[in-house]
Amino acid sequence: MKKGEQRKGRRPEVDDGRPGPVAGGGGPVRLQKFLATCGAASRRGAEPLIAAGRVRINGVVVTNPATPVAPDDRVELDGRPVGRQEHRYVLLHKPLGTVCTRSDPQGRRTIYTLLPQELSHLSYVGRLDINTDGVLLLTNDGTLTYRLTRPEFEVERDYEATVRGRVRPEALAPLLQGIRDEGELLVARSARIVSTTPYSTIVAVKLTEGKNREVRRMLEALGLVVVRPARARTGK
């Protein structure tokens, strides 16, 4: 799969050294949401930045993530302006053997080694483990990231997993009813056989949550040996 990039929005203004204006118009927004919308951090990642006193509004340090940010306020993170920026979207085919992190203490290859330097600030949406390849979205659009990763939005994710041996369609029925593993209930929205040979079967599984190693855990709970899981699609 080719790596593609799609851009939208206006061209970013030249940084003149002054703190940036609030993204968008309208009324005040929570500081935590503001930072996420601007792509400075995820909503969850913004909390420790704010608590550490690294964020200023109109020159004053704030430590409460619920602090309202008005349209004419000036916001800084580590002394640098935060404001409206051009949203960028990169669709990456993550290969096997790479990890979704910026820096790996074990020295394994990360997905950021596949990107040019000018895209290294983008955040990945949903983690794929080292033994899973497939579609991975990277963006600085905090609002989109929030909607794609929160379980209440039920964003569909399609996976195809190769398992050993011939699998009958009825063997996948428990995936639709739900399988309990490690204290979690894992439920597939759909599951079907894509193709089969005497030696292997490709199983398509549709999920609406992004739990750790979910497809592998579900199939292994059925007694299947997973050779290769891959994510084929996220969203519609």
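The values are calculated or read from the model by the stated rules, or taken from the named source; none is laboratory data. Since the structure is predicted, the reported quantities are computational estimates derived from the model, not experimental observations. Quick reminder, even Gly has a Cβ in these numbers, built from the backbone with ideal geometry, and neighbours come from all protein chains shown.
Checked against (1) in contact with a Gly (Cβ under 6 Å, 6 or more places away or on another chain); (2) farther than 22 Å from V90 by Cα; (3) at pLDDT below 90, N140 passes all but a single condition, namely (2).
Scanning the range 74-88 for residues that are of a type in the set (D, E) and surrounded by fewer than 19 Cβ atoms within 10 Å (Cβ to Cβ) gives D78, E86.
For T162, indicate whether it is in contact with a strand residue (DSSP E or B) (Cβ under 8 Å, 6 or more places away or on another chain) and at pLDDT 95 or above. The answer is yes for T162. The single condition among (1) under 20 Å from P95 (Cβ atoms); (2) modelled with pLDDT of 90 or more; (3) surrounded by 16 or more Cβ atoms within 10 Å (Cβ to Cβ) that V227 does not meet is (3). Could you list, in sequence order, the residues of the range 188-220 that are among the hydrophobic types (A, V, I, L, M, F, W, C) and loosely packed, with under 15 Cβ neighbours inside 10 Å? Once the filter is applied, which keeps residues that are among the hydrophobic types (A, V, I, L, M, F, W, C) and loosely packed, with under 15 Cβ neighbours inside 10 Å, the range 188-220 yields only V194.
Is there a residue being part of a helix (DSSP H, G or I), more than 23 Å from the chain's Cα centre (by Cα) and more than 30 Å from R213 (Cα to Cα) anywhere in the range 61-80? Among the residues of the range 61-80, not one is part of a helix (DSSP H, G or I), more than 23 Å from the chain's Cα centre (by Cα) and more than 30 Å from R213 (Cα to Cα), which makes the answer no. Restricting the search to strands (runs of 3 or more DSSP E) fully inside the range 144-236 and requiring at least 2 residues that are of a type in the set (A, V, I, L, M) gives 157-164, 184-186, 190-196, 200-207, 226-234.
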